[in-house]
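Colleague: This structure is in structure tokens; I'll ask about it shortly.
The values are calculated or read from the model by the stated rules, or taken from the named source; none is laboratory data. Here the structure is a predicted model, which is why all the values come from computation and not from measurement. Positions of Cβ are backbone-derived with ideal geometry, glycine not excepted, and every protein chain shown enters the neighbour counts.
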Amino acid sequence: YEHGDIRIARTESGAWLFDQNTISQLPAIMDEVAETQRVDGKQAESSKIPWHIRFRQQIPASFKATTFLLPNWQWLGLLFTIMLGVVADKLLSFFLRSGVRRWRNRTKHPEFKEISEDILRPLGLMAMALIWWSGINLMGLSENVMLILLVAVKFLASISGVWAAYRLVDLVSAFLHKRAQMTENKLDDALVPLIPRTLKIFVTVIGFVFIADNLNVDISSLLAGLGLGGLAFALAAKDMVQNLFGSVTVLMDRTFSVGDWIVVDGVEGSVERIGFRSTRIRTFYNSVVTVPNSKFITATVDNMGERRYRRLSCKLSLTYDTPPDRIEAFCEGVRELVRQHPYMRKDYYQVYLNEFAASSLDVLLYVFWETPEWNTELRERHRFMLDILRLAQGLGVEFAFPTQTLYMKQEEGDGSGSDEMSQSKAQQLGQSLAQQIVADTTGTGVKPPPVTFP
């Protein structure tokens, strides 16, 4: 050949290999062979000739001249390949965006309506990278140029693949969030936010290895280096590992779920999100407190959201001049209020005269509500307490407050006695009055629905 001969030399081990001079001249020899016409009378099998060489043999000679670094036809080929890839990217992105828009308009779930129209944008970039890859290989560029361009295209394809995987995780997250809202179980509400974060971590790690492999980085040495630094990383990430175990503890033990009202280390509020590192709690001041998950391994958690009943324990202080029959009627009337109110626990309640205080006769009130949430509890407390006030007003019972009263001793025979009711009559009076109060305020046998906000 014009650029040198193809020589095979024998090495010291006895193997026959191409010599160094032949290897250095291979690109020039390849170009010379590609431009050589087939010998007349010889029918070569086209399947044995590389396809990029067959393509180059069809190019007119006027385009094979070199103006700057590369033959003119290769510059034109690169320009055409780039434009073709960009057009393919734009067209595919347009059709995918239109499809996502139509699908998003048809769906009724709000989580899907928030999905961006460009969620499938990485697929267009992957198509562009594929066209560029094919075009670069078709043109048979020189080794140095081929290396630079292929590395760039591999990097673009790898980034597009990782990006597409991220968008796929977003779609899976939206689907899982929709399914979680269709169930009453709160465990899936806590797991759904963790799944996309876990998947994105795996996508990031695998994408990093994939990109490094496509860029011809030695993966084995990289992994070995990570292994040597594993101990130092573990020491530095001790808190992160503790937080991770804390989140696993919360999920496995079901200590609390999203939406529960909890008290932990002096922090009180509603759980908004359970993450890998921390848990966000919305306090009743509407502030957000971030608690590291490691706290939940050793801390005492009071889950107010798991309560079956909501308790009221207090004392109703009556004046000392209240007759015993009125006290009996009042206590029985309060018991009847408990029996008549729809949300109150009927199998366990205490209403008794309990203490002779310094300035009052104290009636113990110990009752429970079985309400689904706090708003309904407040409403039922309000109704119950107002009914107690109405009952006291109807019976002529007065509530005491801290006072000191001076009583003057009367002469015998001067006092005017009052007729006292029997115990049964007092109880009947209290029951009938309580029934009438509940019938007028709530309605007999009617259970109001839970509190809802418009």
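Colleague: Scan the range 253-296 residue by residue and report those that are more than 21 Å from W374 (Cα to Cα) and either more than 17 Å from the chain's Cα centre (by Cα) or of a type in the set (D, E) (or both).
Modeller: Scanning the range 253-296 gives D253, D265, S294, K295, F296.
Colleague: Which one of these does R339 not meet: (1) within 30 Å of P448 (Cα to Cα); (2) in a loop (DSSP other than H, G, I, E, B)?
Modeller: (2)
Colleague: If we keep just the residues of the range 347-377 that are farther than 18 Å from F330 by Cα and without any contact (Cβ under 8 Å) to a residue 40 or more places away in the chain, which is surrounded by the most Cβ atoms within 10 Å (Cβ to Cβ)?
Modeller: Among them, the one singled out is Y348.
Colleague: Could you grab me the full set of residues in the range 316-330 that are aromatic (F, W, Y) and buried (at least 21 other Cβ atoms within 10 Å of the Cβ)?
Modeller: Selection gives F330 alone.
Colleague: Checking I115 against (1) farther than 30 Å from R254 by Cβ; (2) among the aliphatic types (A, V, I, L, M); (3) assigned to a helix (DSSP H, G or I); (4) modelled with pLDDT under 80, which single condition isn't satisfied?
Modeller: Among (1) farther than 30 Å from R254 by Cβ; (2) among the aliphatic types (A, V, I, L, M); (3) assigned to a helix (DSSP H, G or I); (4) modelled with pLDDT under 80, I115 violates only (3).
Colleague: Please name all residue pairs, on different chains or six or more residues apart, with Cβ atoms under 6 Å, provided the first residue is in the range 258-281 and is in contact (Cβ under 8 Å) with a residue 12 or more places away in the chain and on the phi < 0 side of the Ramachandran plot and the second residue is of a type in the set (D, E) and surrounded by fewer than 16 Cβ atoms within 10 Å (Cβ to Cβ).
Modeller: Every condition considered, the pairs that remain are V263/D302.
Colleague: Out of the residues in the range 273-329 meeting the condition of being part of a strand (DSSP E or B) and of a type in the set (D, E, K, R), tell me which one is modelled with the highest pLDDT.
Modeller: K315
Colleague: Would you pick out the residues in the range 287-298 that are closer than 25 Å to L378 by Cβ, surrounded by fewer than 16 Cβ atoms within 10 Å (Cβ to Cβ) and of a type in the set (V, I, T)?
Modeller: Passing the criteria: only V288.
Colleague: Here is a follow-up. Could you tell me whether S173 is surrounded by 15 or more Cβ atoms within 10 Å (Cβ to Cβ), modelled with pLDDT of 75 or more and not assigned by TED's automatic domain parsing to the domain that holds T255?
Modeller: Criteria met by S173.
The rows are residues; the columns are (1) loosely packed, with under 14 Cβ neighbours inside 10 Å; (2) closer than 24 Å to G266 by Cβ.
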{"site": "T300", "(1), (2)": "yes, yes"}
{"site": "M304", "(1), (2)": "no, yes"}
{"site": "R310", "(1), (2)": "no, yes"}
{"site": "C314", "(1), (2)": "yes, no"}
{"site": "E332", "(1), (2)": "no, no"}
{"site": "R335", "(1), (2)": "no, no"}
{"site": "Q340", "(1), (2)": "no, no"}
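Colleague: On the basis of being surrounded by 14 or more Cβ atoms within 10 Å (Cβ to Cβ) and not assigned by TED's automatic domain parsing to the domain that holds W369, does R277 make the cut?
Modeller: Answer is yes for this residue.
Colleague: Within the range 118-139, how many residues are farther than 20 Å from V162 by Cβ and either at pLDDT below 65 or surrounded by fewer than 15 Cβ atoms within 10 Å (Cβ to Cβ) (or both)?
Modeller: Matching residues across the range 118-139 total 2.
Colleague: Another question, if that's okay. Just to be sure before I move on: is V258 assigned to a loop (DSSP other than H, G, I, E, B), β-branched (V, I, T) and buried (at least 18 other Cβ atoms within 10 Å of the Cβ) in the structure I sent?
Modeller: yes
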